[in-house]
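Presented below is the structure to which this report refers.
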Amino acid sequence: MAKPSPAKVSVECPHCGFKQMEYAAAKSTMCRQCGRSFAPGAPKPSLRPVTSHSSGAGDAASSRESSSGLGKIEGLWNRQRNRVVACFECKRKHEVSDAASSTNCPGCSAHIDLRDYKITTSFSRSIRTRGELHLTSKGDLSSTSVVCKTALIEGKLRGNLQCEESATINYVGKIPGRLTANYISVERKSDVQCFRRVRVASIDIKGKMSAEIIATGPVNIHKTGVLEGNITAKSINIEKGGIFSGQLVIGQADLTQAELLPTSQTAAPVTPESGVAAPGAEPLPAT
């Protein structure tokens with residue numbers, strides 16, 4: 001014959017008020033909500049009375065201040081979880097949640113992709129997102145057009161990549177595609193050869209790079225960096241130990257003209273008689 005199970009009763013935690021079932025003969029237990037121990041048969045402690053009106057007002061003010069502070073923290077947290085994105089079509093900027101995977105422009109109703117992409121195999125489809133792109137060491141990106149916010153390049157880049165903010169290169173090999181970014185960092189273990197012009201605002205070279213660079217800002221070659229190729233930039237900084245080999249055009253305000261007419265920026269011819277550069281180019285007479 002089976003023995004009857006001990007009787008259970010409902011008890012309330014004196015600390016948080018959580019109710020749970022416990023054996024009637026139990027001398028002590030632990031609250032399943034707050035984790036504090038208590039005796040099921042002990043009386044619940046009474047609330048502290050308010051001794052005066054002024055004390056109650058102070059408690060109420062303190063409560064309001066606490067609620068206000070919590071509200072400020074929650075508001076700050078919510079603001080930090082949002083970000084501003086720009087429309088690909090009309091360039092209008094608006095705020096979206098970090099958790100959103102896509103949105104529509106409030107101005108032109110165009111669709112904006114916000115997803116992050118991780119390329120681990122061969123990939124040839126076009127990408128246009130305000131998210132991040134990670135080209136892994138086993139990835140092979142051959143898309144004709146890829147637009148993203150930031151990119152980490154560890155694999156083969158055979159297509160064209162345009163980064164809204166930054167691109168980090170940690171790769172050994174050739175990059176046949178066109179690379180454009182606001183900022184590029186060539187990591188220390190990198191050894192890359194770019195076949196097309198690299199357009200950038202600023203670039204830090206800590207590894208080895210062979211490329212033609214068009215920069216609107218500075219080109220920084222660190223002590224472990226090696227750069228081979230022609231540079232058109234606002235300035236160049238080479239640390240002790242860094243190596244640069246190539247032609248250099250510094251301080252050009254109009255980089256588009258410098259790119260279209262690369263040979264016209266060279267020094268003016270020197271006359272053999274005076275050894276002084278000609279003040280201006282004169283048209284040759286027709287023959």
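General observations
- Entirely in the range 145-184, the strands (runs of 3 or more DSSP E) that have 3 or more residues that are aliphatic (A, V, I, L, M): 146-153, 161-169
- Exclusive hit being of a type in the set (S, T, Y), open to solvent by less than 50 Å² (accessible area, probe 1.4 Å) and in contact with a Cys (Cβ under 6 Å, 6 or more places away or on another chain), set T129, T136: T129
- Filter pass, S245 being of a type in the set (G, A, S) and either open to solvent by 70 Å² or more (accessible area, probe 1.4 Å) or farther than 25 Å from F123 by Cβ (or both): yes
- Extreme residue, least open to solvent (accessible area, probe 1.4 Å), among residues of the range 159-183 that are under 20 Å from the mean Cα position of the chain (by Cα) and within 14 Å of D140 (Cα to Cα): L161
- The condition of being touching a Lys or Arg at 6+ places or on another chain (Cβ under 9 Å), open to solvent by 50 Å² or more (accessible area, probe 1.4 Å) and at pLDDT 95 or above does not hold for K156.
- Candidates L161, L157, filtered to the one that is closer than 24 Å to C90 by Cβ and in contact (Cβ under 8 Å) with a residue 12 or more places away in the chain: L161
The values are calculated or read from the model by the stated rules, or taken from the named source; none is laboratory data. Here the structure is a predicted model, which means the values were calculated and not measured. Backbone-built Cβ (ideal geometry, glycine too); neighbour counts: all protein chains shown. Side chains are part of the model used for accessible areas, which takes the heavy atoms of the whole protein and leaves out ligands, DNA and RNA. Shrake-Rupley method; radii C 1.70, N 1.55, O 1.52, S 1.80 Å.
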